[in-house]
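Since the structure comes first, as structure tokens, the remarks are kept for the end.
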Amino acid sequence: MFEPVRMLGLIRTVSVCLLALSGLQAAASGIHSVFTVQAPEGQWVVRALTTTAHCPKIQWDRKKAEQMKVRAPQGEVPVRSDAVQSDSKPAVFDITSCEAHWPKGAKSAKIEGRAVPAPGKTLQRILIIADTGCRLKASENAFQDCNDADKWPFQKVAQSAAKLKPDLVVHIGDIHYRESPCPEGRAGCAGATWGYGWDAWRDDFFKPAQPLLAAAPWLFVRGNHESCFRAGQGWFRFVDALPWTQARNCNDPANDMQGDFSEPYAVSLSKFAQFIVFDSSKSSGKAYQPEDPAFLKYQAQVQLAAQLATKKAESFFINHHPLLAAASSPDASKFRPGGSAGLQSVFSMSEPQRLFPANVSVAMHGHVHLFEAISFQTDHPVSLVMGNSGSMNEGFAPKDIKPTDRVYKDAVVDNYASRSDYGFATLDRVFEGGQETWLLTEYTTEGQAVIHCKLKQGKSRCD
């Protein structure tokens with residue numbers, strides 16, 4: 001028989017060996033990121049990004065682990081003929097994108113022993129970010145200090161936001177911003193990765209977002225930076241909710257009429273409310289002519305979105321480009337409208353005054369790098385702009401919007417709150433007198449609440 005002391009020593013030795021073996025297995029798997037994506041029709045998809053050519057196994061609850069499927073293999077994609085930056089280079093994706101659909105009834109999942117964020121039965125707290133990447137863009141001579149956590153605070157945002165324990169994280173587009181190399185001699189971004197390949201995606205999003213990716217499932221909404229002629233290849237490989245196909249991978253400009261226009265879909269928030277997710281990534285800042293192919297594409301999608309809006313009493317329309325917003329400006333005392341003229345020209349064909357379908361009570365956007373909450377006297381949905389989560393600030397929101405200021409035609413503003421500094425927001429579902437109400441809170445990068453708004457019956461009231 002073993003003596004107790006010798007037995008204890010043996011147990012400790014075995015335990016250390018098992019832990020070491022587990023660590024070696026995790027390292028051998030090459031897994032960089034694990035996260036959960038909200039997909040159409042109430043589905044959820046688990047993604048794993050690994051440096052190995054094969055996919056890891058996933059275990060649902062305590063069942064036998066099964067192999068994840070390759071979503072997009074590793075590879076190098078040549079520079080597109082319509083590359084927006086003259087210094088563009090081939091996109092190297094030395095990472096395998098793997099996925100598995102969350103089975104109905106499964107409560108938990110692990111990948112190589114790593115816990116996967118599970119979808120909740122109810123959504124009480126939704127966390128909202130947008131425009132998170134570090135801007136490096138030679139064509140505009142715009143270079144953000146990616147090495148300075150105060151000047152590019154997305155990692156701070158992710159850390160503070162994760163502490164609030166959301167049930168769902170919503171990113172309203174413009175994830176990738178590293179399009180050009182940092183100029184020689186500029187210390188603020190020296191050594192920053194750039195281009196459209198995995199290394200830039202890793203450093204611009206997946207590395208700083210790790211705490212938040214582990215905190216809750218995500219809903220990704222596409223921005224103009226993820227359109228096909230920019231970072232669309234990474235969008236489809238990593239975060240798009242729909243299947244990755246040759247026609248929808250943004251490699252060939254000949255397929256862009258498919259790649260740049262994804263159909264809208266609904267995401268249930270509660271018994272009474274839903275998100276309608278709309279891809280506006282390729283929309284123009286100028287009004288379309290009715291014969292324009294993009295106009296026809298968007299017109300069909302607006303009609304489909306209107307049909308989706310009839311499914312529940314309240315719809316939150318969520319897309320990247322605002323339609324009812326104020327633009328940023330170097331002078332906060334001045335007002336100018338900031339809505340997308342291209343989208344307005346399409347949406348107004350169905351709803352000439354309101355723009356949005358009748359059941360849409362709130363419209364949520366990014367694109368403008370600030371926070372705005374705008375409510376109207378007229379029959380227009382509340383307009384929320386939340387594009388201040390990390391990318392270079394471009395000016396100031398107007399301090400005030402007068403009743404005579406028009407964000408669009410006859411839209412008369414009656415309540416307005418704004419913030420031009422970096423931050424993020426939450427949307428909390430509460431009940432007042434048996435009626436569903438939503439509380440919107442704007443936070444600093446450190447997680448301090450600075451603006452509170454109540455959203456009810458298509459109106460917002462901010463303190």
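Near residue 326, the amide H atoms lying under 5 Å from its own belong to 338; only residues 5 or more places off or on other chains count, and H is placed 1.01 Å from N.
In the range 117-462, the DSSP beta bridges split such that about 65 percent are antiparallel, to the nearest 5. Taking amide H as placed 1.01 Å from N in the peptide plane, residue 179 has its amide H under 5 Å from the amide H of 136, 195, each at least 5 places away in sequence or on another chain.
Let me make sure I get this right: for the range 186-269, a, b and c are the square roots of the gyration tensor eigenvalues over alpha carbons, sorted descending. Under 1.5 in a/c it's rounded, otherwise prolate if a/b > b/c, else oblate. Which is it? The shape class here is oblate.
Diffusion of the range 309-441 by Stokes-Einstein, at 10 °C in a medium of 1.306 mPa s and with Rh set to the Kirkwood radius over alpha-carbon pairs, works out to 104 µm²/s.
Close amide-amide hydrogen proximity is noted between residue 265 and 277, each under 5 Å apart and 5 or more residues distant or on a separate chain (H modeled in the peptide plane; Pro and chain starts excluded).
Using the beta-carbon distance between residue 353 and residue 244 and R0 = 51 Å, what value does 1/(1 + (r/R0)^6) give for FRET efficiency, to the nearest 0.05?
Result of the calculation: an efficiency of 0.80.
The stretch between residue 334 and residue 84, if pulled fully straight at 0.36 nm per residue, gains 86.8 nm over its current Cα-Cα span. Our estimate of slack between residue 313 and residue 148, defined as 0.36 nm per intervening residue step minus the Cα-Cα distance, is 54.9 nm.
Taking 0.36 nm per residue of sequence separation and removing the Cα-Cα distance, the residue 379/residue 104 pair yields an extension gain of 95.0 nm.
Remark: the range 285-290, residue by residue, has Karplus-estimated 3J(HN,Hα) of x, 10, 4, 7, 7, x Hz, where x stands for each Gly or Pro and the curve is 6.51 cos²θ - 1.76 cosθ + 1.60 at θ = phi - 60°. Our note on the geometry: Cα centres of the range 222-243 and the range 28-82, 15 Å apart. Taken over the alpha carbons of the range 122-168 as equal point scatterers, the Debye sum produces base-10 log I(q)/I(0) values at 0.26 Å⁻¹ of -0.95.
Of all DSSP beta bridges confined to the range 245-337, the antiparallel ones make up roughly 50%. Which of the GluC sites (Glu not before Pro) found in the range 145-232 are in a DSSP loop and have at most 15 neighbouring Cβ atoms, other than their own, within 10 Å? Sites meeting the loop and neighbour criteria: 184. Quick one: of 110/271; 107/165; 137/207; 121/165; 207/459, which pairs are farther than 26 Å apart, Cα to Cα? Too far apart for the 26 Å limit: 110/271; 207/459. Evaluated over the Cα positions of the chain, the convex hull gives a direction-averaged projected area, one quarter of its surface, of 25.9 nm².
Just so you know, all these numbers are worked out from the coordinates, no wet-lab data involved. Because the structure is predicted, anything quoted here is derived from the model rather than measured. Every residue, glycine as well, gets a Cβ built from its backbone with ideal geometry; the counts of neighbours run over all protein chains shown.
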